[in-house]
Amino acid sequence: MSKLFVVGIGPGNYENMTIRADNALKNAQVIVGYTVYVDLVRERYPGKEFLTTPMTREAIRCQLALDKAKEGRSVAMICSGDSGIYGMAALLYELRGENIDPEIEVIPGLTAACSGGALLGAPLTHDFAVISLSDRLTPWEKIEKRLECAAQGDLSIVLYNPRSKGRPDNLRMACDILLRYLPEDRPCGVAHSIGREGEWAEYMTLSELRTADVDMFCTVFIGNAMTKMVAGKLVTPRGYRDV
């Protein structure tokens with residue numbers, strides 16, 4: 001039976017890729033992915049056949065990987081971060097349907113909530129929510145409801161896809177929703193270009209976050225009621241000191 005690996009490559013640098021992911025890419029004959037992600041790994045895995053599609057062509061990309069695997073090739077579909085968190089794993093299962101060929105093996109990776117949180121300090125030590133601000137696949141009304149529930153539940157919040165050329169106001173709108181429930185001085189942070197050239201951490205309040213300069217390579221963190229700055233780092237205690 002043919003096999004298709006769905007590989008989370010982490011934030012993009014080799015040091016944050018798992019050994020299991022590295023082995024899958026070494027053993028693959030064909031590596032399929034979004035153009036930007038393939039460019040991150042191309043030099044490390046020479047001699048492979050690389051197949052890419054641009055953004056918004058996810059279904060075509062996944063079908064291409066399934067077709068190559070059915071030909072008997074060893075195929076790896078790569079995803080930034082984790083393969084199951086905003087990745088291609090679910091779509092591949094959907095497109096394959098109830099068939100069992102090719103066999104799909106999901107290989108997890110380091111999602112931006114983890115790698116970005118580490119860059120900023122320790123903002124996710126307690127319960128948290130991860131919400132994408134992209135309304136290309138999710139209606140904005142549903143995103144707004146999720147933001148409201150996370151704020152009312154006093155969860156730390158991680159925002160993926162905070163802004164793009166086609167969605168220049170989504171972060172500002174999200175902050176306005178959160179400010180209905182959260183104080184203006186709530187500590188926040190932005191992880192820029194995690195694991196890539198230009199990586200840096202930026203800290204600000206929720207009111208300042210409204211106009212922060214972010215893009216699709218940024219991950220945004222909003223603290224809960226316990227979050228504070230400690231020695232220049234964003235920290236959310238869990239309460240271990242109080243036990």
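The values are calculated or read from the model by the stated rules, or taken from the named source; none is laboratory data. What you are looking at is a predicted structure, and each value in this text was computed from that prediction instead of being measured. Don't worry about glycine lacking a Cβ; one is built from the backbone with ideal geometry, like all the others, and counts go over all protein chains shown. Each accessible area value is taken on the protein alone, full model and side chains, heavy atoms only, with ligands, DNA and RNA left out. Shrake-Rupley method; radii C 1.70, N 1.55, O 1.52, S 1.80 Å.
Going through the stretch 189-203 one residue at a time, which ones are at positive phi and touching a residue at least 12 places away in the same chain (Cβ under 8 Å)? Residues satisfying the conditions are 193, 195.
Conditions tested, residue by residue: (1) touching a strand residue (DSSP E or B) at 6+ places or on another chain (Cβ under 8 Å); (2) among the basic types (Lys, Arg); (3) without any contact (Cβ under 8 Å) to a residue 24 or more places away in the chain.
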residue	(1), (2), (3)
46	no, no, yes
51	yes, no, yes
56	no, no, no
78	yes, no, no
81	yes, no, no
84	yes, no, no
88	yes, no, no
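Of the residues making up the stretch 1-23, those that are over 23 Å from residue 119 (Cβ atoms), touching an Asp or Glu at 6+ places or on another chain (Cβ under 8 Å) and surrounded by fewer than 21 Cβ atoms within 10 Å (Cβ to Cβ) are 1, 2, 3. Restricting to the stretch 62-89, give me the number of residues that are within 25 Å of residue 195 (Cα to Cα), of a type outside the set (A, V, I, L, M) and open to solvent by 10 Å² or more (accessible area, probe 1.4 Å). Qualifying residue count for the region: 5. Taking the stretch 115-154, which residues are within 16 Å of residue 233 (Cβ to Cβ) and either modelled with pLDDT under 95 or surrounded by fewer than 19 Cβ atoms within 10 Å (Cβ to Cβ) (or both)? Result: 118, 122, 125, 126. For the stretch 51-61, the candidate set comprises residues that are open to solvent by 40 Å² or more (accessible area, probe 1.4 Å) and hydrophobic (A, V, I, L, M, F, W, C); within that set, the residue that is nearest to the chain's Cα centre (by Cα) is 55. For residue 91, the requirement of being in contact with a Cys (Cβ under 6 Å, 6 or more places away or on another chain) and not β-branched (Val, Ile, Thr) is met. A count restricted to the stretch 226-236 and to residues that are exposed (fewer than 13 other Cβ atoms within 10 Å of the Cβ) and assigned to a loop (DSSP other than H, G, I, E, B) stands at 2.
Whether any residue in the stretch 177-189 is under 27 Å from residue 83 (Cα atoms), open to solvent by less than 30 Å² (accessible area, probe 1.4 Å) and of a type in the set (A, V, I, L, M) is what I want to check.
no
State whether one or more residues within the stretch 200-215 are within 19 Å of residue 81 (Cβ to Cβ), open to solvent by 50 Å² or more (accessible area, probe 1.4 Å) and out of contact with any Gly (no Cβ under 6 Å at 6 or more places or on another chain). Yes; the residues of the stretch 200-215 include at least one that is within 19 Å of residue 81 (Cβ to Cβ), open to solvent by 50 Å² or more (accessible area, probe 1.4 Å) and out of contact with any Gly (no Cβ under 6 Å at 6 or more places or on another chain). If you go through the stretch 212-225 and keep only what is under 15 Å from residue 161 (Cα atoms), part of a loop (DSSP other than H, G, I, E, B) and in contact (Cβ under 8 Å) with a residue 12 or more places away in the chain, you end up with 212, 214, 215, 216, 217. Could you figure out which of (1) assigned to a strand (DSSP E or B); (2) charged (D, E, K, R); (3) over 22 Å from the mean Cα position of the chain (by Cα) isn't true of residue 202? In the conditions (1) assigned to a strand (DSSP E or B); (2) charged (D, E, K, R); (3) over 22 Å from the mean Cα position of the chain (by Cα), residue 202 misses (3) alone.
When each of 223, 195, 239, 166 is tested for being farther than 21 Å from residue 13 by Cβ, modelled with pLDDT under 95 and open to solvent by less than 30 Å² (accessible area, probe 1.4 Å), the lone residue that passes is 239.
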